[in-house]
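Colleague: This is the structure, below, for whatever I ask next.
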Amino acid sequence: MQPVHEGLSDDALLLSYHPMPTFVYDAIRADGTRVQGELEARTKSEAHAQLDRDRLQPLSLSSREPTAADGKSESDAPPASTGPVRLNRNQVIFFTEELSDLLDAGLQLEGALRIIEERQQTPVLRGVATALRQHVRDGGNFSDALRKVSPSFGELYCSLVSAGEISGALPRILKRQVKYLTVMQDLRSQIVQALIYPAFIVGCGALLMVLFMGVLVPQLVVLFENAEKKMPAATRVLIGMSTAVTQYWWLILGMLLGGWLAFYLVTKKPEGRLWWDRVRLGLPLIGPVLTSGFLAQFCQTLSNLVGNGLPLLTGLKLMERATPNTWIRQRLGQVIEIVGEGGSFSRAMRKVGGFPDLFVDLVAVGEQTGDLSNSLEKAATRYEKEMNRRIERITALIQPVVIVVIALLVGLVVYSIITSIFEAIGGMRGGGARR
């Protein structure tokens with residue numbers, strides 16, 4: 001009788017004795033729905049390829065049996081980097097924009113990271129893409145991989161990515177992140193450019209003040225002593241400032257450093273951080289920009305989450321974790337408690353307080369019409385325009401305000417010195433005439 005395995009190839013004979021391992025996956029379909037299941041593959045790489053063909057984005061992938069085919073699995077590959085990688089802001093923006101474009105074009109996450117890894121010329125970004133792809137292929141969440149690979153992405157960035165993974169709106173949330181990061185980078189650039197000329201003026205003013213305090217003011221003391229005339233009040237103030245700066249500079253420097261250290265230690269504590277986050281929102285000019293920026297990003301991201309079928313309560317919890325301001329996060333926690341007990345979103349915000357009336361009204365309209373996502377998107381557009389207007393106003397005010405302040409300070413000092421010189425000279429002439 002002919003043996004059963006006669007005529008089979010060596011590979012087929014090997015597979016008859018070693019069946020392919022089973023992989024358990026938890027993934028998200030293209031429409032945002034979550035699905036769990038099992039599949040058979042020789043390696044984790046083949047399992048990922050099957051999920052890619054089925055247009056499934058894996059959240060986790062693990063094998064019930066060790067994969068021994070082809071020697072080593074990809075999970076046995078050496079890590080791409082030995083530790084967290086530091087990226088600058090431009091690199092974070094470039095990476096996020098490229099990844100969002102690839103995902104928006106229909107690629108799965110692992111494939112998009114592979115393309116970035118292959119075509120990226122910057123070694124640091126290539127290493128980041130490699131490390132992220134290995135974490136994702138090993139079944140890890142993309143947001144957790146971002147936290148492990150580079151601290152430059154930040155907790156807010158990673159939390160929003162986590163929300164995008166759960167809701168299936170990762171490409172849109174990444175695009176929103178690109179827009180937000182670009183606006184913040186442009187704001188920093190505008191402020192730096194607006195401060196170049198004032199900084200030059202400040203430097204010149206500081207040199208003049210040092211010259212006045214260190215050279216001219218001590219000579220005024222000698223001049224008044226020779227004139228035997230009482231010094232004016234402005235001159236006495238200048239002399240006192242000059243003495244304090246020249247003799248007690250170490251004490252002034254120590255007080256400044258001590259004040260900064262005390263502020264740093266206070267804001268590191270939860271109570272101090274809560275106080276400072278609330279104070280920042282109330283600062284002139286800066287506070288409204290921070291509030292508008294938060295509301296714009298909050299509304300746009302929550303709109304994406306709710307629009308992709310995620311329950312409102314789940315979306316609010318994700319946004320709470322993604323909010324860096326502890327005072328706003330505390331308010332969101334109270335809102336979540338009320339919504340979790342069956343209350344409406346708008347009424348919860350009115351009860352808790354701290355949210356603009358216009359924002360609450362837009363949310364109430366969305367709840368009444370059953371289209372909360374659209375109302376949140378309109379609110380995001382409105383607050384984004386408001387933030388841009390405020391930023392333009394601040395950058396336009398920086399130069400003239402700094403120049404006027406420096407001019408007034410230097411002008412007052414110069415006026416005091418010149419007036420004192422004339423009075424001293426007048427006193428000396430009067431004394432000479434009496435003699």
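Colleague: Could you figure out which of (1) out of contact with any His (no Cβ under 8 Å at 6 or more places or on another chain); (2) within 17 Å of residue 26 (Cβ to Cβ) isn't true of residue 199?
Modeller: Of everything listed in (1) out of contact with any His (no Cβ under 8 Å at 6 or more places or on another chain); (2) within 17 Å of residue 26 (Cβ to Cβ), residue 199 misses just condition (2).
Colleague: Consider residue 362 carefully, then state whether it is touching a Leu at 6+ places or on another chain (Cβ under 6 Å), of a type outside the set (Asp, Glu), surrounded by 14 or more Cβ atoms within 10 Å (Cβ to Cβ) and assigned by TED's automatic domain parsing to the domain that holds residue 313.
Modeller: Answer is no for this residue.
Colleague: Quickly run through region 18-35 and pick out the residues that are under 29 Å from the mean Cα position of the chain (by Cα), among the aliphatic types (A, V, I, L, M) and either at pLDDT below 75 or more than 18 Å from residue 139 (Cβ to Cβ) (or both).
Modeller: Once the filter is applied, which keeps residues that are under 29 Å from the mean Cα position of the chain (by Cα), among the aliphatic types (A, V, I, L, M) and either at pLDDT below 75 or more than 18 Å from residue 139 (Cβ to Cβ) (or both), region 18-35 yields 28, 30.
Colleague: I'd like the full set of residues that are surrounded by fewer than 16 Cβ atoms within 10 Å (Cβ to Cβ), in a helix (DSSP H, G or I) and touching a residue at least 12 places away in the same chain (Cβ under 8 Å), limited to region 335-357.
Modeller: Listed by number, the residues that qualify are 340, 351.
Colleague: Can you list residue pairs whose Cβ atoms sit under 7 Å apart, with the first residue in region 385-401 being polar (S, T, N, Q) and the second being in a helix (DSSP H, G or I)? Count only pairs 6 or more apart in sequence or on different chains.
Modeller: Listed by first residue and then by second, the contacts come to 395/190; 395/191; 395/194; 399/194; 399/197; 399/198.
Colleague: Give the number of residues within region 301-319 that are free of Cβ contacts under 8 Å to residues at least 40 places away in the same chain and not basic (Lys, Arg).
Modeller: The number of residues fulfilling the criteria is 3.
Colleague: Also: How many residues are within 17 Å of residue 27 (Cα to Cα) and either within 14 Å of the chain's Cα centre (by Cα) or of a type in the set (Val, Ile, Thr) (or both) if we restrict to region 133-156?
Modeller: Residues flagged as within 17 Å of residue 27 (Cα to Cα) and either within 14 Å of the chain's Cα centre (by Cα) or of a type in the set (Val, Ile, Thr) (or both) within region 133-156 amount to 1.
Colleague: Please list, ordered by residue number, the helices (runs of 4 or more DSSP H) wholly in region 211-307 having 1 or more residues that are under 17 Å from residue 329 (Cβ atoms) and out of contact with any Lys or Arg (no Cβ under 7 Å at 6 or more places or on another chain).
Modeller: Fully inside region 211-307 and qualifying: 249-268, 270-281, 286-307.
Colleague: Among the residues of region 298-314, what is the count of those that are under 24 Å from residue 281 (Cα atoms) and in contact with a Leu (Cβ under 8 Å, 6 or more places away or on another chain)?
Modeller: 5
Colleague: Within the set of pairs 6 or more residues apart or between chains, which connect a residue that is in the same structural domain as residue 319 (by TED's automatic domain parsing) and assigned to a helix (DSSP H, G or I) inside region 144-167 to a residue that is surrounded by fewer than 21 Cβ atoms within 10 Å (Cβ to Cβ) and not aliphatic (A, V, I, L, M) with Cβ atoms less than 6 Å apart?
Modeller: none
Colleague: Then there is this: Name the one entry in 423, 377 that is surrounded by 13 or more Cβ atoms within 10 Å (Cβ to Cβ) and either in contact with a Lys or Arg (Cβ under 7 Å, 6 or more places away or on another chain) or modelled with pLDDT under 80 (or both).
Modeller: 423
Colleague: Sticking with this one: Suppose the filter is within 20 Å of the chain's Cα centre (by Cα), under 27 Å from residue 377 (Cβ atoms), surrounded by fewer than 16 Cβ atoms within 10 Å (Cβ to Cβ) and free of Cβ contacts under 8 Å to residues at least 24 places away in the same chain; does residue 287 pass it?
Modeller: Against the criterion (within 20 Å of the chain's Cα centre (by Cα), under 27 Å from residue 377 (Cβ atoms), surrounded by fewer than 16 Cβ atoms within 10 Å (Cβ to Cβ) and free of Cβ contacts under 8 Å to residues at least 24 places away in the same chain), residue 287 qualifies.
Colleague: Any idea which residue in region 224-258 is modelled with the lowest pLDDT, counting only those that are closer than 16 Å to residue 422 by Cα and small (Gly, Ala, Ser)?
Modeller: 227
Colleague: Within region 380-420, work out how many residues are of a type in the set (Gly, Ala, Ser) and either closer than 30 Å to residue 359 by Cβ or modelled with pLDDT under 80 (or both).
Modeller: Going through region 380-420 one residue at a time, the tally reaches 4.
Colleague: Find all pairs meeting these conditions: Cβ atoms under 7 angstrom apart; at least six residues apart or on different chains; first residue within region 94-122 and within 13 Å of residue 169 (Cα to Cα); second residue among the aromatic types (Phe, Trp, Tyr).
Modeller: Cβ pairs passing all conditions: 109/142.
The values are calculated or read from the model by the stated rules, or taken from the named source; none is laboratory data. Everything numeric here is computed off the predicted structure, so don't read it as measured data. Here Cβ is always computed from backbone atoms with ideal geometry, including for glycine, and neighbour counts include all displayed protein chains.
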